[in-house]
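Structure first, commentary second.
The values are calculated or read from the model by the stated rules, or taken from the named source; none is laboratory data. Please read all numbers here as calculations on a predicted model, not as lab measurements. A quick note on method: Cβ atoms are made from the backbone with ideal geometry, for glycine too, and the neighbour counts reach across all protein chains shown. In case anyone asks, the SASA skips ligands and DNA or RNA and just uses the protein heavy atoms, side chains included. Shrake-Rupley method; radii C 1.70, N 1.55, O 1.52, S 1.80 Å.
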Number of protein chains: 2
Amino acid sequence: MERLIRHIEKSVVLTPEEKEIIATTFHSKKLAKKEILHSEGSVCQYNYFIAKGCFRLYLITENGKEQVIQLGLENWWISDYSSYTSGRSSKFYIQALESSEVHYINRSEQEALFEKIPALESYFRKNLERAYAASLTRIEYLFLLSGEERYLQFVGTYPEFAQRIPQYILASFLGISPEYVSEVRKKRS
Amino acid sequence: MERLIRHIEKSVVLTPEEKEIIATTFHSKKLAKKEILHSEGSVCQYNYFIAKGCFRLYLITENGKEQVIQLGLENWWISDYSSYTSGRSSKFYIQALESSEVHYINRSEQEALFEKIPALESYFRKNLERAYAASLTRIEYLFLLSGEERYLQFVGTYPEFAQRIPQYILASFLGISPEYVSEVRKKRS
DNA sequence: GAAAAAAATTAAGCTGGTTTAAGAAAGGCG
DNA sequence: CGCCTTTCTTAAACCAGCTTAATTTTTTTC
């Protein structure tokens, strides 16, 4: 749980007792590559902190294809926020793309923890501000950049991450076909 | 300020003293139709609660066109979150689309208010959860729906809102050309 | 380390939506 | 009301990126 506590301490101050409460309240789980953390059809009851590895959040479209909505790696939180906060059933899958480990908590545990440790609500508020701003930036890029530009920009900005995940998953995340990624790569080499 | 306080009280409980602090801390501003609330190039120092009217957040692209990134109406918060939270200068404009009124606060006032009124940080945390979930849903629609489907879906879901704003602004928000909106409307009628 | 499965490449044909340009309609203001 | 500006429509040519399908390369499994 040290990685999670270190991440929280980047935003807020915690007492030793508070760290102890956090360490005993969160649950942990290890996942093999390709293992599913959450499935479509059920409520997403947990908010997951990625301590190791990486994940994709995706759905199956009407015509049976997978569309990747989000990617997450170490120090990110991943969850179907719509389902997690509303209690409605989820349309998404969350899958480990590598051998991974998460620390997680459910909605009522989280709310109870905010009562005991107000600094933790502050951490989540700041984290949500970052996540929301990042999500708006992503919308901005979807509008402003062509598929080719989005691919080149991603690979330029996160070269090591682009290596970690299969190309067809990155293509789907960027909203282009894997064939088109091949074309762009060929053109650029 | 009643509208803002009523909105906060949908999420958390406030004492009369806390309401008083909120009413005296927030600032208010009225804007005429088309008036600019925030401009590109400066830091977006405020977080704005829309008490009346509606707004668009947009940028000017390299080739001089306007791209609408966000729309907001009564009871929404609008700001360039990236700039507001980081203090970096903003790429966006925020403009009133109707005669409007906002209540606003700056970053340090907001943080100071969270110290005095912890329930307010809870309100913002919950609000950010909603905003973040909505933003992910929007990304999902950008991937799953065609331009035509996005237009029909928007008009079907928010018919009165679609009436309030010019068609070319809605087109830009949906990521399609105004000419194509005309085509879709013709086809459907 | 061979066989099977998964992922990436190539190429050709196709389409959803853009661009451009001009005219029509609607809205705002003195 | 009448003029001027803003918004919306129409149509034709065009293209970025998709689809399909076959082949090659890489990875996984036993």
Here D for segment A:1-64, in µm²/s, from Stokes-Einstein with a Kirkwood Rh over Cα pairs at 4 °C and 1.567 mPa s, works out to 89
Can you send over the carbon and sulfur percentage of the accessible area for the protein assembly as shown, probe radius 1.4 Å, protein chains only? 50
Estimated inter-spin distance, B:SER89 and B:GLU101, nm [label 7 Å along Cα→Cβ]: 3.5
Please name the residues of segment B:140-189 whose accessible area, counted over protein heavy atoms with a 1.4 angstrom probe, falls by no less than 40 Å² between the chain alone and the full protein assembly. B:GLU140, B:LEU142, B:PHE143, B:LEU144
Could you work out how far apart the two model spin labels at B:GLN153 and A:LYS30 are, taking each label as a point 7 Å from the Cα in the direction of the beta carbon, and quote it in nm? 4.0
Helix B:16-25 sits at what angle to the longest principal axis of chain B, using alpha carbons and giving 0 to 90 degrees rounded to 10? 60
Does segment B:1-124 come out rounded, prolate or oblate, given a ≥ b ≥ c as the square roots of the eigenvalues of its C-alpha gyration tensor, rounded meaning a/c under 1.5 and, failing that, prolate meaning a/b above b/c? prolate
The summed charge of the B:ARG150 Cβ neighbourhood (under 13 Å; Lys/Arg +1, Asp/Glu -1) stands at -2
Return the value, in Å² to the nearest 100, of accessible area buried between chains B and A (probe 1.4 Å, both sides summed). 3300
Just to confirm a number: summing +1 for Lys and Arg and -1 for Asp and Glu over residues other than B:GLU35 whose beta-carbon lies under 14 angstrom from that of B:GLU35, what do you get? +4
Taking the Cβ of A:PHE161 as the centre, find all other residues whose Cβ is under 14 Å away and add up their charges (Lys, Arg: +1; Asp, Glu: -1). -1
Honestly the protein assembly as shown on the Cα gyration tensor test (a ≥ b ≥ c root eigenvalues; a/c under 1.5 rounded, otherwise a/b vs b/c for prolate or oblate) is just oblate
Most fluctuating residue of A:ALA119, A:ALA23, A:ALA133 in a GNM of chain A with Cα springs under 10 Å: which is it? A:ALA133
Taking R0 as 35 Å, what's the FRET efficiency between A:SER108 and B:ILE5 from their Cβ-Cβ distance, rounded to 0.05? 0.80
Accessible surface, segment B:1-138, averaged per residue in Å² (probe 1.4 Å): 45
Roughly how tilted is helix B:107-116, in degrees to the nearest 10 and between 0 and 90, from the longest Cα axis of chain B? 50
Which percent of the Cα-Cα distances in segment A:145-189 go past 14 Å? 41
Report the residue, chosen from A:ILE176, A:ILE94, A:ILE139, that carries the largest GNM mean-square fluctuation when chain A is represented by alpha-carbon nodes joined by springs under 10 Å. A:ILE139
Karplus (6.51, -1.76, 1.60) ³J(HN,Hα), θ = phi - 60°, over segment A:26-35, in Hz, Gly and Pro reported as x: 6, 9, 10, 8, 9, 10, 7, 3, 6, 5
Sort B:LEU152, B:LEU120, A:LEU136 from largest to smallest accessible area, using a 1.4 Å probe on the heavy atoms of the protein chains. B:LEU152, A:LEU136, B:LEU120
Hey, what angle do you get for helix A:147-157 against the long axis of chain A, alpha-carbon based, 0 to 90 degrees rounded to 10? 50
Extension gain from A:ALA119 to A:THR15, taking 0.36 nm per residue of separation minus the Cα-Cα distance: 36.4 nm
Check the straight Cα-Cα distances from A:LYS52 and name the aspartates and glutamates below 16 Å, setting aside those fewer than 8 residues away within the same chain. A:GLU2, A:GLU35, A:GLU74, A:GLU98, A:GLU101, A:GLU160
Could you work out, residue by residue across B:121-128, how many beta carbons of other chains sit within 10 Å of that residue's beta carbon, and then give the average as an integer? 6
Where in segment B:1-100 are there GluC sites (Glu not before Pro) that are in a DSSP coil and have at most 11 other Cβ atoms within 10 angstrom of their Cβ? B:GLU62
Do the sum for chain A: with -39,500 (n - 2.57) for every DSSP H run of n ≥ 4, divided by all residues, what is the mean residue ellipticity at 222 nm, to the nearest 500 deg cm²/dmol? -15500 deg cm²/dmol
³J(HN,Hα) across segment B:44-51 via Karplus (A = 6.51, B = -1.76, C = 1.60, θ = phi - 60°), whole Hz, x for Gly/Pro? 7, 8, 10, 10, 10, 9, 7, 8
